[in-house]
Amino acid sequence: MADYSVALWSFNLSRAPASVFAFARQIEEGLERAAAEGARLLVLPEYLIECCLAFKPDGLPPEEEMSFLADVGADLLPLLGPLPEKHGVSVLAGTMPVKTASGITNTAILLTSDGREIRQDKLCLTPFELGSGAWQLVPGTELKVFELDGLKMAILVCLDVEMPALSSLLARQDLDLLLVPSMTEKPSGYHRVFGCAKARAVELMCAVGVCGVVGASKGTTQNDTNFSGAALYLPCEEEFGYSGVAAEIPLTGGTSGDEPFLVSSVPVEELRALKSGKAEVWPGMDRGSRQGFRGLTCRKMGPMPGRKCAQSALYSMDCAARILIYSVFRLFRCGNGIRKVDNSTGFFVAAGAERFVHQTGPVADRRPVLSARRYGTRNPLRFHARRRSPDPAQRLAGKGQAHI
């Protein structure tokens, strides 16, 4: 099979279309460019549709933005439907909110040149997407594998590519191409997504195409910045130039209107040959199974003999050290000795104490002795002050003692 050309478009949200029709026209411009450069698939990023907040109704509350964008997406899809067949280029139209019976999902929608519509919900939502604030989305429940133009493909949306468990589900599917639309508001997010995408190329012995939005939407209330680049990653093999990077446009914030648009080819035949046993070290799933990976399990080891005793000893030493350090701290903080006397009340504060302790007997013998108790596993040490009475009978009777 000949190489498969893919276009990756890191759309700039500052384009600010004036209507759904204007937005559809912008996407068609990208399809025309991809077709002119010989691409057979155009990939657009996660939350591409957020640029449509530029024409949201005045006064729209942030918590209603997802519902508004879901309605925009429903109006957009009929306009995009004929375009892949018209230009001969399939399009992954980014992701958009989709209303379902269980709530609103973040869904990637692929419109193919042969008239199909393939959907993949985001499976691992960020805390912001799940939170009770503005977006309040629900995760998907199914990971799909599909064929397009003779290639086996799958889609992992942004955070999904960072989850090794999802990639392990794809490991036996013999993928040719993994698509990763993303949205990252900080460079750290960009590096996580793109770094994990490169790892997935090695792990799955397939090509991985990744792109994300840049810039900020005119009407956004949530994301003031977005950073991304565009890249096609391959396994780190000699045949592909060692580095695992087929093509890459570096990180940008899109503040000057820049908009990465990358066209690169997937070497399908070479990838399949490497997976059949010609890779430098990758054993392949079948060979790995023969080496014993198929029945491999992970077992949690119990404590070693004597471990509890060792832990108890370390805990006692830790408590003693904390008491000593805290006592010295209070000594210098109190100034004269490790107690302060209130002459008007006959109370004094001992080292480590947080309130006064009533004492009887000669002031000269008010020598606090510190002890420590641990209240549960989440609370810090609580310190106590106790005086030693000069009278042994009082000590035996337990009189004259006070605890904090």
Assuming 0.36 nm per residue, please report the length gained on full extension of the stretch K144 to E117 beyond their Cα-Cα distance.
8.4 nm
Can you give me the long-range amide H partners of F227? Hydrogens built in the peptide plane at 1.01 Å from N, cutoff under 5 Å, separation of 5 or more residues or another chain.
T184, E185, K186
So what J values fall out for region 150-160 if you push phi through Karplus, 6.51 cos²θ - 1.76 cosθ + 1.60 with θ = phi - 60°, rounded to Hz, Gly and Pro as x?
x, 10, 8, 9, 8, 10, 10, 8, 6, 4, 4
Other-chain or far-sequence residues with amide H under 5 Å of K218's (modelled H):
A16, A54
So which of K56/K152; K152/K218; K152/K278; K56/K144; K99/K218 end up more than 27 Å apart by C-alpha?
K56/K152; K152/K218; K56/K144
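Quick one: work out the % antiparallel among DSSP beta bridges in region 4-290, nearest 5.
Values: 32 of 48 bridges.
Antiparallel: roughly 65 percent of the beta bridges in region 4-290.
Grab the beta carbon distance between E269 and E85, set R0 = 35 Å, and tell me the FRET efficiency rounded to 0.05.
With a Förster radius of 35 Å, E is 0.85.
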Find how much the distance from L60 to F21 grows on full extension, using 0.36 nm per residue of separation minus their present alpha carbon separation; answer in nm with one decimal.
12.0 nm
Radius of gyration and Dmax over the Cα atoms of region 1-109, both given in Å:
14.6, 54
What translational D, rounded to a whole number of µm²/s, comes out for region 4-290 from Stokes-Einstein when the hydrodynamic radius is the Kirkwood one over Cα pairs, at 10 °C and 1.306 mPa s?
84
What is the extension gain from D258 to S276, computed as 0.36 nm multiplied by their sequence separation minus the C-alpha to C-alpha distance, in nm to one decimal?
2.4 nm
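FYI, it's all coordinate maths here, none of it is from the lab. Quantities reported herein were computed from a predicted structural model and do not represent experimental measurements. FYI the Cβ positions are ideal-geometry reconstructions off the backbone, even for glycines, and counts take in every protein chain you see.
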